[in-house]
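Here's the structure we're looking at; comments come further down.
Derivation of every value follows stated rules applied to the coordinates shown; laboratory data play no part. Quick caveat: nothing in here was measured; it's all calculated off a predicted structure. Positions of Cβ are backbone-derived with ideal geometry, glycine not excepted, and every protein chain shown enters the neighbour counts.
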Amino acid sequence: MDKKSNFEELVDVMKRLRAPEGCPWDREQTHDSLKPYMLEEAYEALEAIDLRDDDELCKELGDVLLQVVFHAQIADEEQRFSIDDVAGSIVEKLVRRHPHVFGDVQVKDAKNVLENWEEIKKQERRDAGLQQPSHLDGIPKSLPALMRAQRVQSRAARQGFDWPNAEGALDKVEEEFAELRQAQSDQSTEAIEDEFGDLLFSVVNTARFLQINPEDALRRSVDKFERRFRAIESELNKSNRSMRDTALSELDELWDEIKRREHT
């Protein structure tokens, strides 16, 4: 008998864990209870990518795959769909949405591929009974806000709803910043939140023009802040001082010194 593949072993292990004599915790899980784990494992895989750590990425992708198999097993037990159905669904979708590979459609470049992809998705929605589908259909509302903003803006831009260049996007950032200042001056809590959201939205749009992933850029900035903050703590600990007992002017000097060290 041929040895089972690692994937087949994974499916069998998941079935065993969910069986009556299996693991009590695994048996209690539902699609809803597993939602946080799906998100957490995806972000841990992203961190491994950022670290360029192949060993860690291999492990984290395994954790992501486990979540897929886990959800499929729950559905299989309820006779709704199986892991084979999951694989078949994505294979069918990939073939359907790549007619330039599996059919006779001609494309010039990656931009052309994306345009075809969106048209195929629109046709799929029409076939599903949506007579006037929007180009913004299919963007999950549960995406992180920065990512969702980027997806919405990219979709709109493909339809010509866009600034002609980055200068227009940067001007919009300045306009929204001025409106935020005005809202803050008026002390209108609702207006402040609205204008702050508009400012973030315009910054994300500028990132798109500059070909920057805003999620990655913000993550790096948070990492940088954390690294420098920890360095200040370390410097203060050498003289048994706390940050609360140190003048802000001195903290600023320490921050600038740490920045200089990073660039030397």
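Between Glu77 and Asp2, the C-beta separation translates, for a Förster distance of 30 Å, into a calculated FRET efficiency of about 0.65. Quarter the surface of the alpha carbon convex hull of the range 161-264 and you get the mean projected area, 9.6 square nanometres.
Distance between Cα centroids, the range 210-264 to the range 82-115: provide it in whole Å. Value for the Cα centre distance between the two parts: 46 Å.
Helix-only arithmetic for the chain: the sum of -39500 (n - 2.57) across DSSP H runs with n ≥ 4, divided by the residue total, places the mean residue ellipticity at 222 nm at -24500 deg cm²/dmol.
Length gained on full extension, Val64 to Glu257, computed as 0.36 nm times the residue gap minus the Cα-Cα distance: 65.4 nm. When the convex hull of its Cα atoms is viewed from all sides, the range 8-81 shows a mean projected area of 5.3 nm². For Asp223 and Val13, a Förster radius of 45 Å and the Cβ-Cβ distance give a FRET efficiency of 0.80, rounded to the nearest 0.05. May I ask for the Rg/Rh ratio of the chain, computed from Cα atoms with Rh as the Kirkwood radius, given to two decimals? Answer for the chain: 1.05.
For the range 89-149, dividing the convex hull volume of the Cα atoms by the residue count gives 120 Å³ per residue.
When only alpha carbons of the range 57-104 are considered, Rg and Dmax amount to 14.0, 40 Å.
A Förster radius of 30 Å, combined with the Cβ-Cβ distance separating Arg126 from Asp104, puts the computed FRET efficiency at roughly 0.85.
For the chain, the Cβ-based charge dipole about the Cα centre amounts to some 540 debye (Lys, Arg positive; Asp, Glu negative; other atoms uncharged).
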